[in-house]
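To keep things clear, I will list the structure first and then write my remarks on it.
The values are calculated or read from the model by the stated rules, or taken from the named source; none is laboratory data. Quick caveat: nothing in here was measured; it's all calculated off a predicted structure. Every residue, glycine as well, gets a Cβ built from its backbone with ideal geometry; the counts of neighbours run over all protein chains shown.
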């Protein structure tokens, strides 16, 4: 079974960046930002670097007792339209596939 997801662990995204040239080329353009998931800080998504999709946590207040606040957040619009603004990954059981390459999760 294949599921599309917009979130990937920070560790897996680093591994994918190192081994997957297509992924690396996309990120190296500077057109995407890694945004940490607000509900699971071990995950991030890659979103188009544009004010329509990302905002700065200007109050600097950590949420839910966190010691360090997440400084870049998805806008409400981006959260509702992730297929429009985020890179997607295909998760198969314990693997994530990006650009037809598999990564163990």
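Of the set (1) in contact (Cβ under 8 Å) with a residue 24 or more places away in the chain; (2) under 14 Å from residue 74 (Cβ atoms), all apply to residue 57 but (1). Mind checking whether some residue in the stretch 21-29 is at pLDDT 95 or above, part of a loop (DSSP other than H, G, I, E, B) and either touching a helix residue (DSSP H, G or I) at 6+ places or on another chain (Cβ under 8 Å) or surrounded by 15 or more Cβ atoms within 10 Å (Cβ to Cβ) (or both)? No, that holds for no residue. Select from the stretch 30-51 the residues that are in contact with a strand residue (DSSP E or B) (Cβ under 9 Å, 6 or more places away or on another chain), closer than 13 Å to residue 86 by Cβ and not in a strand (DSSP E or B) and list them in ascending order. Selection gives 31, 37, 49.
Being closer than 18 Å to residue 85 by Cα and assigned to a helix (DSSP H, G or I) is the filter here, so list the residues in the stretch 1-20 that pass it. If the condition is that a residue be closer than 18 Å to residue 85 by Cα and assigned to a helix (DSSP H, G or I), then 13 is the only one that fits. Against the test of being within 16 Å of residue 4 (Cβ to Cβ), modelled with pLDDT under 90, out of contact with any helix residue (DSSP H, G or I) (no Cβ under 8 Å at 6 or more places or on another chain) and surrounded by 11 or more Cβ atoms within 10 Å (Cβ to Cβ), the options 62, 91 yield a single qualifying residue, 91. Taking the numbered list (1) closer than 20 Å to residue 24 by Cα; (2) touching a helix residue (DSSP H, G or I) at 6+ places or on another chain (Cβ under 7 Å); (3) at pLDDT 90 or above in turn, residue 53 passes all entries but (1).
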